[in-house]
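The values are calculated or read from the model by the stated rules, or taken from the named source; none is laboratory data. Since the structure is predicted, the reported quantities are computational estimates derived from the model, not experimental observations. Methodologically, a virtual Cβ is constructed for each residue, glycine included, from the backbone with ideal geometry; neighbour enumeration extends over all protein chains shown. Surface areas here come from the heavy atoms of the whole protein model, side chains and all, with no ligands, DNA or RNA. Shrake-Rupley method; radii C 1.70, N 1.55, O 1.52, S 1.80 Å.
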Amino acid sequence: MNGSMSYLDGNAAAGELNRIFAVDVTNAKGQCGNCGAKGRFADAHLYMQCPGLVARCALCGHILLRLVHMGQRAFLDLRGMTYLSLDTTE
Ligand SMILES: [Zn+2]
């Protein structure tokens, strides 16, 4: 991963992800599929200088999530996470 690329924290994905999910995904907890780190999605490093957005693990840099809008379709790739746990009481 290029260390010179700037990123935001996972909270910056709220607007894009709220277009798809009814719950606030930035409050979700997940596990990195590469290093096994567990934490809040909001702590991920979010890169927006690409087509769509990319969230990377704050510890190892592994890609956790990709989201791209093409026309009327949204493509969401979550395979970088072992799981994503959502609080449905909100
Ligand atoms: Zn990781």
Roughly what percent of Cα-Cα pairs across the chain reach past 19 Å? 33 percent
Here the relative contact order (percent) of the stretch 8-85, from C-alpha pairs under 8 Å and at least 6 apart, is 28 percent
Using a Gaussian network model of the chain whose springs link C-alpha atoms within less than 10 Å, name the residue from 28, 44, 13 with the highest mean-square fluctuation. 28
Taking a probe of 1.4 Å and leaving out DNA, RNA and ligands, the chain shows per residue an accessible area in Å² of 62 Å²
Take the solvent-accessible surface of the protein heavy atoms, probe 1.4 Å, and return the percent of it on the chain that carbon and sulfur atoms account for. 51 percent
Dipole magnitude of the chain about its Cα centre (Cβ charges: Lys, Arg +1; Asp, Glu -1), debye to nearest 20: 260 debye
Scalar couplings 3J(HN,Hα) for the stretch 14-21 by Karplus 6.51 cos²θ - 1.76 cosθ + 1.60 (θ = phi - 60°), nearest whole Hz, x for Gly and Pro, are 3, x, 5, 6, 5, 5, 10, 9
In whole angstrom, how far apart do the alpha carbon centroids of the stretch 3-50 and the stretch 59-82 sit? 9 Å
